[in-house]
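Notes to accompany the following structure.
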There are 2 protein chains.
Amino acid sequence: MPAEPSRPTLAAVAARAGVSQSTASLAFSGAGPVAEETRDRVLAAARELDYGGPDPRARSLRTGRSGIIAVVMEDRILDAFRDPMAVAMLDGIADEIGQAGYSLLLLTDSDDRPVGGLRDAPMDAALLLGCSTDLEPSVRVLSQRQVPLIGVEAAPREGMHRVDLDNRSGMRRGAEYLRELGHERVGVVMLPIDRARSRGALTPERLAASEAETARERLAGARDVFPDAPAEVGGGSLIDEGHRATAALLDAHPELTAIIAQSDLLGLGAIQAAEERGLVVPEDLSVLAFDGARIDGLSIHRLTTLVQPIVEKGRAAARMALAALAGEPVSDASFESELRIGTTTAPPRTS
Amino acid sequence: MPAEPSRPTLAAVAARAGVSQSTASLAFSGAGPVAEETRDRVLAAARELDYGGPDPRARSLRTGRSGIIAVVMEDRILDAFRDPMAVAMLDGIADEIGQAGYSLLLLTDSDDRPVGGLRDAPMDAALLLGCSTDLEPSVRVLSQRQVPLIGVEAAPREGMHRVDLDNRSGMRRGAEYLRELGHERVGVVMLPIDRARSRGALTPERLAASEAETARERLAGARDVFPDAPAEVGGGSLIDEGHRATAALLDAHPELTAIIAQSDLLGLGAIQAAEERGLVVPEDLSVLAFDGARIDGLSIHRLTTLVQPIVEKGRAAARMALAALAGEPVSDASFESELRIGTTTAPPRTS
DNA sequence: CGCAGGTATCGAATCGATTCGAGCGGCGGG
DNA sequence: CCCGCCGCTCGAATCGATTCGATACCTGCG
């Protein structure tokens with residue numbers, strides 16, 4: 001091995017400054033009383049040695065804190081970031097976390113490497129975004145490691161704090177609004193309900209086998225009002241998927257006068273599909289969605305949708321993690337959506 | 001303090017299994033020879049004590065590796081993820097990094113806390129995405145820490161490996177194509193050129209003060225062909241920004257027959273702005289963009305654009321980091337864009 | 001039967017900081 | 001003038017693993 005430049009250590013700095021290691025440490029961390037003159041000497045020595053501050057690894061071993069909060073998603077990163085809701089929530093999380101001096105570690109629960117980063121990455125807390133039960137093995141590792149766990153719209157689990165949304169009652173409220181407008185034949189365009197993200201008409205069997213809390217709850221809300229509503233499952237929360245699913249739904253059920261989409265993107269796809277077959281929204285087909293996403297560049301329609309406080313949800317999750325880390329008691333949070341009436345719903349044509 | 005459950009340590013497991021700590025370590029890591037029977041005993045003891053595997057903090061102190069690769073962006077997370085290019089590149093990075101068993105730490109170079117996570121987060125390497133020179137202080141900390149640095153379209157810096165794109169010659173090729181079609185009056189819609197993301201007409205002073213490599217290079221390419229092309233700066237790579245900037249440009253220069261947008265999103269905004277004022281694309285106004293982004297839900301126009309291998313860029317950056325970590329020699333990478341002719345360019349109307 | 005060679009295990013040093021209690025002057029009050 | 005307190009500095013233990021060299025045992029061969 002050639003010359004060893006090897007990063008200088010705090011001990012080296014202390015030696016050069018002629019103080020003990022403990023004093024040098026105090027000079028850097030600012031904790032504890034240090035004479036100004038001493039601190040200057042230490043900092044000068046550090047500069048001379050090109051010392052860049054204490055090694056985070058050593059520090060984190062000693063203090064038990066790494067300054068990292070992990071966010072675990074089940075999707076591929078690409079898919080997750082295509083979803084404006086995930087991004088918005090992440091933004092809330094990042095903001096809150098950053099403010100508190102933590103950094104954000106992005107983990108996916110990929111099938112390939114079952115507990116890849118989850119097991120080996122240093123983290124002080126973990127936020128699980130919309131995770132299904134089959135994340136169980138990974139999550140177990142974390143609770144063994146006594147990492148505080150916060151689940152956002154995740155299946156309940158012992159020892160996990162939760163952030164929830166009124167998916168069912170919110171969607172029910174939306175459905176009731178459609179019924180009040182006079183709709184009776186309504187179809188539902190669903191978010192994926194399994195990890196394979198398989199498309200197609202929803203059958204009772206598929207529903208029973210599903211692990212996706214959010215999709216199930218939103219469907220339940222819709223069916224509270226329209227018990228027989230047919231549903232088509234999309235392969236993701238994407239405009240194109242909403243387009244495809246709606247087309248399939250309208251092919252199979254031409255009598256539908258309204259579509260309930262489980263997300264705004266699906267709803268936008270529904271509008272595209274409708275227009276493509278010559279239907280005018282909302283006169284020929286009403287579209288109700290969910291999320292209240294702010295989507296760049298789509299200004300023509302204002303979706304009627306259930307607005308959820310997504311950024312706040314992210315913030316809340318982050319704050320719960322921070323509270324848990326601070327040793328404060330943590331109580332679950334639950335949020336409510338609000339029906340925002342746009343230009344995509346109207347009474348059905350009186351035929 | 002109440003009862004201390006305190007996570008069991010490897011030493012405890014070793015003791016319970018009746019082996020030495022070293023043996024227990026080997027049993028877990030798989031390195032070194034361990035009799036099968038012994039390993040089973042260790043794993044059993046671990047199970048009984050509910051031991052979740054070695055502490056990443058301690059491991060990383062000892063091994064000098066944390067298994068984390070950081071990605072540094074200058075935007076807020078929200079802004080960065082609104083940009084499909086950033087997301088796509090991140091996807092390439094995440095994929096490559098994950099494959100190698102590393103996790104991804106997301107850092108932003110926020111003004112508030114100058115070296116926030118950058119200084120304190122454990123990381124084995126850092127990827128800087130499109131960062132300007134004023135990232136200097138943060139970056140210096142990292143090179144002090146001897147963390148391998150990879151810059152993507154970043155200003156050159158000593159000790160930093162680079163991934164580059166032919167922004168200038170690519171855009172020049174696009175501009176030449178416009179000229180061949182017969183265009184002479186062309187305007188440029190630009191990406192932000194300063195951290196404040198201030199909008200408005202581009203002046204020579206603002207250009208001189210700018211730090212944004214990518215925007216400058218792409219402009220230079222356009223002006224290689226149309227030296228006097230007026231330019232308007234957008235407040236981000238967003239459809240709405242392209243819309244606004246194009247409107248401003250057309251107000252000030254009604255004679256323009258083509259718009260060169262520095263990103264696809266800006267290009268889409270340009271189309272919107274054109275259509276809004278009754279111009280037909282491409283007959284009345286041609287639009288040339290840059291990126292070749294795959295954008296969900298926009299199927300009407302096929303942008304004429306310079307396609308860049310964005311995912312590959314991400315992969316390359318990640319691979320360079322991994323190579324550096326493996327002690328292999330690293331050589332800079334540079335990529336080329338390709339002009340893809342769509343339906344948004346045509347000869348100008350012969351007036 | 002003795003020894004070389006190999007394998008499984010062990011001891012102990014080490015990674016680089018933080019932190020707690022003790023020590024040591026200097027200053028103010030009695 | 002002496003004592004006690006306060007403010008600064010120092011030593012040494014500690015965090016929880018990895019890893020290198022040494023040890024003990026066993027096998028097979030001469």
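The values are calculated or read from the model by the stated rules, or taken from the named source; none is laboratory data. It should be emphasised that the depicted structure is a prediction, and the values quoted were computed from it without experimental measurement. FYI the Cβ positions are ideal-geometry reconstructions off the backbone, even for glycines, and counts take in every protein chain you see. Surface accessibility is based on the protein's heavy atoms, side chains included, excluding ligands, DNA and RNA. Shrake-Rupley method; radii C 1.70, N 1.55, O 1.52, S 1.80 Å.
Structure summary
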quantity: Solvent-accessible area of A:Arg199 with every protein chain in place, 1.4 Å probe, in Å² to the nearest 10; calculated: 130
quantity: Calculated label separations, A:Pro254, copies of the chain, 7 Å along the beta-carbon direction, nm; calculated: 4.9
quantity: Area buried, chain B against chain A - accessible surface, total, 1.4 angstrom probe, square angstrom; calculated: 4700
quantity: Gain upon complete extension [A:Arg76, A:Glu180; 0.36 nm per residue less C-alpha separation]; calculated: 33.4 nm
quantity: Stretchable slack from B:Glu205 to B:Gln99, in nm (0.36 nm times residue separation minus alpha-carbon distance); calculated: 33.6 nm
quantity: FRET E, pair A:Ser331, A:Arg140, Förster distance 25 Å, beta-carbon r, rounded to 0.05; calculated: 0.60
quantity: Tail fraction, Cα-Cα pairs, chain A, threshold 26 Å, whole percent; calculated: 57
quantity: Pseudo-label separations to other copies for A:Arg199 - Cα-to-Cβ vector, 7 Å, nm; calculated: 3.7
quantity: At R0 = 30 Å, FRET efficiency that the Cβ-Cβ distance of B:Ser22 and B:Asp50 yields, to 0.05; calculated: 0.85
quantity: Residue among B:Thr38, B:Pro204, B:Ser60 farthest towards the positive dipole end of the protein assembly as shown, charges placed on Cβ; calculated: B:Thr38
quantity: Average accessible area per residue (Å²) across region B:278-351 - probe 1.4 Å, nucleic acids and ligands excluded; calculated: 48
quantity: Where labels lie 7 Å past Cα in the beta-carbon direction, separation of A:Arg340 and A:Ala58 in nm; calculated: 5.2
quantity: Mean-position separation - Cα centroids, region B:274-351 and region A:186-252, in angstrom; calculated: 34
quantity: Computed magnitude of the charge dipole of chain A (debye, nearest 20; Cβ of K, R +1, Cβ of D, E -1); calculated: 880
quantity: Rounded to the nearest 20 debye, dipole of the protein assembly as shown from Cβ charges on Lys, Arg, Asp, Glu; calculated: 1640
quantity: For region B:239-297, Kirkwood radius (reciprocal of mean inverse C-alpha pair distance, Å); calculated: 11.1
quantity: Peptide-level mean, for B:61-74, of C-beta atoms on other protein chains within 10 Å; calculated: 3
quantity: Estimated 222 nm signal from helices in the protein assembly as shown, with DSSP H stretches of n ≥ 4 weighted -39500 (n - 2.57), rounded to 500; calculated: -13000 deg cm²/dmol
quantity: Unit charges at the beta carbon, dipole of region A:167-308: most positive-side option, A:Leu306, A:Val186, A:Pro230; calculated: A:Leu306
quantity: Peptide-level mean, for B:84-94, of C-beta atoms on other protein chains within 10 Å; calculated: 3
quantity: Pair A:Glu36, B:Asp194: separation of 7 Å Cα→Cβ label points (nm); calculated: 3.6
quantity: B:Leu181, A:Leu129, reordered so the largest accessible area comes first (probe 1.4 Å); calculated: B:Leu181, A:Leu129
quantity: Amide H within-cut-off set for A:Leu191, under 5 Å, with H built and near neighbours excluded; calculated: A:Gly234, A:Gln262
quantity: Position A:Leu43, label points 7 Å along Cα→Cβ, spacing to each other copy in nm (shortest first, one decimal); calculated: 5.3
quantity: Portion, in percent, of the accessible area of the protein assembly as shown that falls on carbon or sulfur, probe 1.4 Å; calculated: 50
quantity: Radius 11 Å from Cβ of A:Met123, net charge of other residues (Lys, Arg +1; Asp, Glu -1); calculated: +2
quantity: Shielding of B:265-275 by partner chains, average beta-carbon count, 10 Å; calculated: 1
